[in-house]
Amino acid sequence: MHDGPGVRTTVFLKGCPLHCEWCHNPETQSPDPEILFYKNKCIGCGNCVNACPVGAHGADGFDRKRCVICASCAEACPTGALELCGADMTVGEILKTAERDRAFYGDAGGVTLSGGEPLAQKNAVALLEACRDVGLSTVVDTCGYADRETLLSAVPLTDLFLWDVKDTDEDRHEKYTGAPLEPMIESLNIANEAGARIRLRCILINGVNTDEEHYGRLANIARNIKNFDGIDLIPYHAYAGTKATFVGRNDSGRADWIPTAEQVARANRIIRGLL
Ligand code: SF4
Ligand code: SF4
C-alpha cells in the first residue's frame, strides 16, 4: 500500500552496495539468503538445536558463522522465532507469485521492485520486461546505484521510479551511506533525460538532514525533473534499528534521530513552497 500507487506486490531484491546507518530493511543488505531470529518469540524449546545439522544453535545462542542456511531450524521452530529470509527465484517464479495477486491490483496497482537496491541485479530488467509482457504496472524503488546500461534498459519498462535521495550533502552522504553522492545524482539525471517518471522519496533524520540548505537542494532537484510525480518526506523511525538485531547486528536505532511532527511539517512547507 506504500510502495507506489494502488495495491501492489512488492518484490524485495536482496543485496545493496550501500549500508545506510538508518537502513529500514537491513535484512536486504546482504545478497544472500539468511536466517532471521526474533528473540522475543523464542520460548527456549530447543527444537532448533536438534534440527541444526552443523550445531549452529546451542546454549550460547545462534552462531551465524556456522550456519549453512539449510532452513531446518526455521521449519522446526514452533513459534516463528526463526525465519528464512531470501531465496533464489527465477523471473518466471516471481511473476507467477505476482500474478496470484492480480485480482487486487485494479487500475492503479501492480508490481514494485524494492530492496536492497533492485537495480544492482541486472535480472531486475528481465523481471520488469516480464511484468510488461503480461500487462502488469511496474514501479522501481531505487537510490540510483546502477550502471548506465541497466538504468537505460529499466526506464522504458518502468511506469514510475520512487527515487530515494538520501542526502544532498556530499560529505554526509558518504559518511552515513558509505557511498558518494555524485553517481546517484548522475543516475537521476540519466533517468530524467531518458524520460523517466520520478517521485522523490527522501528520509528525514533529525540532526542529520533537517537543515534548510538540504531542503533547498531537494526542491532544486525536484524542479529539474521533467516528468515529476511528487515528493514524499519519510520520517526516520527507530524500528529500523530493532530490525538489525534480526540479522545478528546490534540495535542501531536512535531515538534522537526521529524528527518531530513539527519538523516534518516545516520541511514539507519549505520544500513545497520552493517547487
Ligand atoms: S539454517 Fe540450517 S545450518 Fe543454519 S542454523 Fe538453521 S538449521 Fe543450522
Ligand atoms: S526452535 Fe524456535 S522457539 Fe524453540 S528454541 Fe529454537 S528459536 Fe526458540
For segment 61-94, which positions are assigned to a helix (DSSP H, G or I) and closer than 16 Å to GLU34 by Cβ? SER72, CYS73, ALA74, GLU75
Can you name every residue in segment 48-60 that is assigned to a helix (DSSP H, G or I) and either open to solvent by less than 60 Å² (accessible area, probe 1.4 Å) or within 7 Å of ligand 1 (Cβ to nearest atom) (or both)? CYS48, ALA51
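Quick grid of which residues meet (1) surrounded by fewer than 14 Cβ atoms within 10 Å (Cβ to Cβ); (2) closer than 20 Å to LEU160 by Cα:
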position: ARG201; (1), (2): no, yes
position: LEU204; (1), (2): no, no
position: GLU212; (1), (2): yes, no
position: TYR215; (1), (2): no, no
position: ASP251; (1), (2): yes, no
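Tell me whether segment 49-58 contains one or more residues that are more than 10 Å from ligand 2 (Cβ to nearest atom) and modelled with pLDDT under 95.
For segment 49-58, residues more than 10 Å from ligand 2 (Cβ to nearest atom) and modelled with pLDDT under 95: present.
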Of all residues in segment 225-237, which are open to solvent by 30 Å² or more (accessible area, probe 1.4 Å) and in contact with a helix residue (DSSP H, G or I) (Cβ under 7 Å, 6 or more places away or on another chain)? LYS226, PHE228, PRO235
Qualifying position, being within 20 Å of ASP3 (Cα to Cα), in a helix (DSSP H, G or I) and β-branched (Val, Ile, Thr), among THR97, THR112, THR138: THR97
Can you say whether PRO26 is under 21 Å from ARG66 (Cα atoms), more than 10 Å from ligand 1 (Cβ to nearest atom) and at pLDDT below 95, as far as the supplied structure shows? yes
Exactly one of these conditions fails for LEU275: (1) surrounded by 20 or more Cβ atoms within 10 Å (Cβ to Cβ); (2) hydrophobic (A, V, I, L, M, F, W, C); (3) touching a helix residue (DSSP H, G or I) at 6+ places or on another chain (Cβ under 7 Å). Give me its number. (1)
For segment 72-124, enumerate the residues that are away from ligand 1 (no atom under 14 Å from the Cβ) and hydroxyl-bearing (Ser, Thr, Tyr). THR79, THR90, THR97, TYR105, THR112, SER114
Look through ARG172, ARG199, ARG148 and report the one residue that is in contact with an Asp or Glu (Cβ under 7 Å, 6 or more places away or on another chain) and not hydrophobic (A, V, I, L, M, F, W, C). ARG199
Could you check how many residues of segment 141-164 are within 19 Å of VAL7 (Cα to Cα) and open to solvent by 60 Å² or more (accessible area, probe 1.4 Å)? 1
Among what's in segment 115-135 and is under 26 Å from GLU27 (Cα atoms) and not in a helix (DSSP H, G or I), pick the residue that is most open to solvent (accessible area, probe 1.4 Å). LYS122
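Taking GLU21, is it in a loop (DSSP other than H, G, I, E, B) and modelled with pLDDT under 95? Spell out how you get there, then give the answer.
Values: in a loop (DSSP other than H, G, I, E, B): yes; modelled with pLDDT under 95: yes.
Judged against the criteria, GLU21 is a match.
Counting residues that are modelled with pLDDT of 95 or more, which helices (runs of 4 or more DSSP H) fully inside segment 177-275 reach at least 3?
Answer list for segment 177-275: 182-193, 212-223, 261-274.
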Conditions (1) out of contact with any Cys (no Cβ under 7 Å at 6 or more places or on another chain); (2) more than 13 Å from ligand 2 (Cβ to nearest atom); (3) open to solvent by less than 60 Å² (accessible area, probe 1.4 Å) -> MET89 fails only (3)
Here the residues within segment 1-16 that are assigned to a loop (DSSP other than H, G, I, E, B) and either aliphatic (A, V, I, L, M) or open to solvent by less than 30 Å² (accessible area, probe 1.4 Å) (or both) are MET1, GLY4, VAL7, LYS14, GLY15
Quick one: GLY46 ticks every box in (1) touching a residue at least 40 places away in the same chain (Cβ under 8 Å); (2) at positive phi; (3) within 16 Å of ligand 2 (Cβ to nearest atom) except a single one, so which number is it? (1)
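The values are calculated or read from the model by the stated rules, or taken from the named source; none is laboratory data. Keep in mind the model is a prediction, meaning the values are calculated, not measured. All Cβ positions, glycine included, derive from the backbone under ideal geometry; neighbour counts span all protein chains shown. Only protein heavy atoms, including side chains, enter the accessible area calculation; ligands, DNA and RNA are left aside. Shrake-Rupley method; radii C 1.70, N 1.55, O 1.52, S 1.80 Å.
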